[in-house]
Amino acid sequence: MIAVIGAGPAGCAAAIMLARGGRRVLLLERQAAARESVCGEFLGADAAAALAELGLDPSALGGVPLARARVGWGRREAGFALPFAAWGLPRQVLDGALRDAAMAAGADLRSGVAVQGAEPGPDGWTLRLAGEAIGARQVVLATGKQAFRGYPRVGAPPGALGLKLHLAGVAAGDAVTLLPFAGGYAGLQPLPDGGANLCAALHGEAGTAARDAAGFLARVAAGSALGARLLDGARPCWDRPLAVAGVPYGFRAAAGGPPGLFRIGDQAAVIPSFTGEGIALALHSGLAAAAAILAGEEAARFQARWRRRSAWPMRWAGLGAWVLRQAPGAFTGAAAVAPAARLLARGTRVSRC
Ligand SMILES: Cc1cc2nc3c(=O)[nH]c(=O)nc-3n(C[C@H](O)[C@H](O)[C@H](O)COP(=O)(O)OP(=O)(O)OC[C@H]3O[C@@H](n4cnc5c(N)ncnc54)[C@H](O)[C@@H]3O)c2cc1C
């Protein structure tokens, strides 16, 4: 039996392919049901390609097609057509569909179960759950942003704060809008039932001033005339933004690790948000880990290969995030935004690596 810990995009992708490959799969998820999590909810061509392999289609799931991107910084703004198809899809919908697909493929999904530890032994692995121990031949670690006890992300950089707020009264159109502000940058895009999702990565002290909905909106609006215009009249759908602290952007798991332990998704690499596509990376890492397990490959070999495969997307996304963090003050060339974004979109594509 193969135990997959965490039923986010990475864990579900691995579980679906392993179950389809005839393996007995136990998928363990601590949430009782799929729910919203901190995420910009942007799905690009890379994610769509992986979802197609899993039998899912963002349009059929109700994703809002996105045709354009915009950036606003200070008084400046620039816009361009996206060089690939893209969608906005709430995480609750995406994660729910992936979990359903995992069960349909034959994986045994146990929800509402937090795995507390995993220890290797001579005959495989023992997972510790509340009042229970489970044996598994191999373990796929897909717990995402959350650290998993006993398996720290060695060398992870200081974490950023992620915030997400659904808004009514915002006309986001058919665009994903990047809004840099002092201490971070946000992405705004439409929701399927109207309104918009505002999601941001904040660095250093910036997060403390933005933990309530009004403070968050004010912070983003102060960064650009475009942000102020778009958020004027926005009504938060929740009292407070969803928050996740300690997001170690730039982390990549070392090659190696204990036999039989496959780290995927954010447990393998945390790509900067909005300039890279974390969901695509997570889905593709799940597909790659499943293929490796089905081929009888050792975990250390898979880990080394995935580290190499994620290197260029991580570098490009890191560069893009650095540029965004210099705004709103430091860069001025609106004409350079579209070619730079196209270059970034090509450089961060993991399915090409
Ligand atoms: C601010 C921000 C904005 C982002 N915007 C985007 C975007 O627009 N587009 C994009 O592609 N990516 C975006 N990302 C990145 C994306 O959210 C992640 O890369 C992606 O969710 C990683 O998938 P995963 O399956 O590895 O982890 P997750 O999606 O985090 O899933 C992990 C799962 O494991 C479960 N779990 C955790 N611990 C345990 C345990 N002990 N036992 C059992 N279950 C457990 C969790 O409940 C969760 O369901 C963003 C990230 C941030 C922080």
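The values are calculated or read from the model by the stated rules, or taken from the named source; none is laboratory data. Computed from a predicted model, the values in this text were never measured in an experiment. FYI the Cβ positions are ideal-geometry reconstructions off the backbone, even for glycines, and counts take in every protein chain you see. Each accessible area value is taken on the protein alone, full model and side chains, heavy atoms only, with ligands, DNA and RNA left out. Shrake-Rupley method; radii C 1.70, N 1.55, O 1.52, S 1.80 Å.
Rounded, prolate or oblate for the stretch 247-300? Axes are the square roots of the Cα gyration tensor eigenvalues, ordered a ≥ b ≥ c, and the cut-off for rounded is a/c under 1.5.
Values: a/c = 3.70, a/b = 1.66, b/c = 2.23.
Cα axes put the stretch 247-300 in the oblate bin.
A full extension of the chain between A171 and A114 corresponds to an added length of 16.6 nm, given 0.36 nm per residue minus the alpha carbon distance. Any idea what log10 I(q)/I(0) is at q = 0.09, 0.11 Å⁻¹ for the chain, Debye with uniform C-alpha scatterers and no solvent? Listed by q, the Debye log ratios stand at -0.46, -0.69. Under a 5 Å amide H cut-off, with hydrogens placed 1.01 Å from N, A160 pairs with G246, V247, Y249 among residues at least 5 apart or on other chains.
Our summary gives the chain a relative contact order of 22 percent, counting only alpha carbon pairs under 8 angstrom and 6 or more residues apart. Here the label points at R35 and A255, each 7 Å from Cα along the C-beta direction, are separated by 4.1 nm in the simple model.
Just from its helices, what would the mean residue ellipticity at 222 nm be for the chain, if runs of 4 or more DSSP H residues each count -39500 (n - 2.57) and the sum is divided by every residue, rounded to the nearest 500 deg cm²/dmol?
The per-residue figure over the chain is -10000 deg cm²/dmol.
Here the relative contact order of the stretch 1-81, from alpha carbon pairs under 8 Å that lie six or more residues apart, stands at 20 percent.
Per residue, how many Å² of accessible area does the chain show with a 1.4 Å probe? Please list the in-between numbers first.
Values: 14220 Å² over 353 residues.
Roughly 40 Å² per residue, with all protein chains present.
When a 1.4 Å probe is rolled over the protein heavy atoms, the share of accessible surface on the chain that falls to carbon and sulfur comes to 54 percent.
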